[in-house]
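Comments concern the structure below.
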Amino acid sequence: MATLVEKIKAIEDEMAKTQKNKATSAHLGMLKAKLAKFKRELITPKSGGAAAGEGFDVAKTGDARIGFVGFPSVGKSTLLSNLAGVYSEVAAYEFTTLTTVPGVIRYKGAKIQLLDLPGIIEGAKDGKGRGRQVIAVARTCKLIFIVLDVLKPLGDKAIIEKELEGFGIRLNKQPPNITFRKKEKGGINLTQVVPQSELDFESVRQILSEYRISNADVILKEDCTCDDLIDVIEGNRVYIPCIYVLNKIDQISIEELDIIYKIPHCVPLSAHHKWNFDDLLEKMWDYLNLTRIYTKPKGQLPDFNAPVVLKEDNRSIETFCNNLHKAILKDLKYALVWGNSVKYQPQRVGKEHVLCDEDIVQIIKKH
């Protein structure tokens, strides 16, 4: 009986051999679906083993969580120590960090948790090294810093991206605009809102049959690939923004640095000399997309030191009240808001009102 890793290897070999054209697209789609299924089985641990993630997962604190992912000895621990003032063991040999080391920084009033994850090696998604647990923690982060050595960035970048993709983490991507609904009967119903370059009815049917789905509605609202459809069917993908941190820039010339600066989602710095940290923190803040709301007690000046930090997809007055205390919403009469989200300063709003960054809110209770 072939192991899962061998089955995955066999499918990858067959995909490499198969020519890509209209006639083989359905067959390739089926192979990709098979591959996704095997990979899911590989990363889902068998029940009963409780000690697998021991010493890895760390309690969430603060308003957002950032994971440092990278190969051993690229400077992740030095970067964390200099950013957060946390001591994570640093040495010149590989695999110094063996468990997750948490640190916390305060930036623009928000408390952000940084996790120094152990080094990833090639083959982590197949369970090599401690890669499986490392990437499981990376899935819970709001932002990922991929730390690369500036002298060999592109090869390492491709390997780490492949490892993370294998675990269902999609970097700097939006979820595909596909509606997928299973139903009891009626066969497969495919609706193409825009012309498709890769998917047709036959390839969709092949992919669904691999998941033993014979009745479903599929609506493609953009030009999608087989991988997009498989991601939607699997349903366990996480879409995380990512910044590539190119460390050790003290070893390259200014001309090379100018070229590196043109790479998207990328910040060159030197963790050892603490160069360009402000650029990294600014970009981190942009990618986290957090909203700070200041509170104003009645008859007093607003408190600008301790904002309430809300996530970008949930910025209503209701969420703001629940962040302060669960009981506030019951007594809420209305809220007074100063800032960019309102037309008048101040303006009375209800609990559905959506706030903007750095708004000031005063809660008026029922008497």
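The values are calculated or read from the model by the stated rules, or taken from the named source; none is laboratory data. Because the structure is predicted, anything quoted here is derived from the model rather than measured. We place every Cβ from the backbone using ideal geometry, glycine too, and count neighbours over all the protein chains shown. For the accessible areas, the whole protein counts, side chains as well, though only heavy atoms, and no ligand, DNA or RNA atoms are used. Shrake-Rupley method; radii C 1.70, N 1.55, O 1.52, S 1.80 Å.
Which count do you get for residues in segment 154-194 that are on the phi < 0 side of the Ramachandran plot and either open to solvent by 30 Å² or more (accessible area, probe 1.4 Å) or touching a Ser or Thr at 6+ places or on another chain (Cβ under 8 Å) (or both)?
Residues that pass the stated criteria total 26.
Just checking, does segment 141-164 include any residue being modelled with pLDDT of 85 or more, farther than 30 Å from Glu312 by Cα and not hydroxyl-bearing (Ser, Thr, Tyr)?
There is no residue in segment 141-164 that is modelled with pLDDT of 85 or more, farther than 30 Å from Glu312 by Cα and not hydroxyl-bearing (Ser, Thr, Tyr).
Just checking, which of Phe38, Phe71 is at pLDDT 70 or above, touching a Gly at 6+ places or on another chain (Cβ under 6 Å) and not acidic (Asp, Glu)?
Phe71
Could you list, in sequence order, all residues of segment 224-250 that are open to solvent by 10 Å² or more (accessible area, probe 1.4 Å), at pLDDT below 85 and in a loop (DSSP other than H, G, I, E, B)?
If the condition is that a residue be open to solvent by 10 Å² or more (accessible area, probe 1.4 Å), at pLDDT below 85 and in a loop (DSSP other than H, G, I, E, B), then Thr225, Gly235, Asn236, Arg237, Lys248 are the ones that fit.
Yes/no matrix, rows are residues, columns are (1) within 23 Å of Glu352 (Cβ to Cβ); (2) polar (S, T, N, Q); (3) out of contact with any Asp or Glu (no Cβ under 8 Å at 6 or more places or on another chain):
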| residue | (1), (2), (3) |
| --- | --- |
| Ile252 | no, no, yes |
| Ile260 | no, no, yes |
| His265 | no, no, yes |
| His272 | no, no, no |
| Glu282 | no, no, yes |
| Tyr287 | no, no, yes |
| Arg292 | yes, no, no |
| Gly299 | no, no, yes |
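Go through the residues of segment 234-243 one by one and say whether even a single one is within 30 Å of Ile259 (Cβ to Cβ) and among the aliphatic types (A, V, I, L, M).
yes
For the structure I just gave you, tell me whether Lys108 is modelled with pLDDT of 60 or more, open to solvent by 10 Å² or more (accessible area, probe 1.4 Å) and over 20 Å from the mean Cα position of the chain (by Cα).
Spelling it out, Lys108 is indeed modelled with pLDDT of 60 or more, open to solvent by 10 Å² or more (accessible area, probe 1.4 Å) and over 20 Å from the mean Cα position of the chain (by Cα).
Taking only segment 20-37 into account, find how many residues are touching a Phe, Trp or Tyr at 6+ places or on another chain (Cβ under 8 Å) and free of Cβ contacts under 8 Å to residues at least 60 places away in the same chain.
Matching residues across segment 20-37 total 0.
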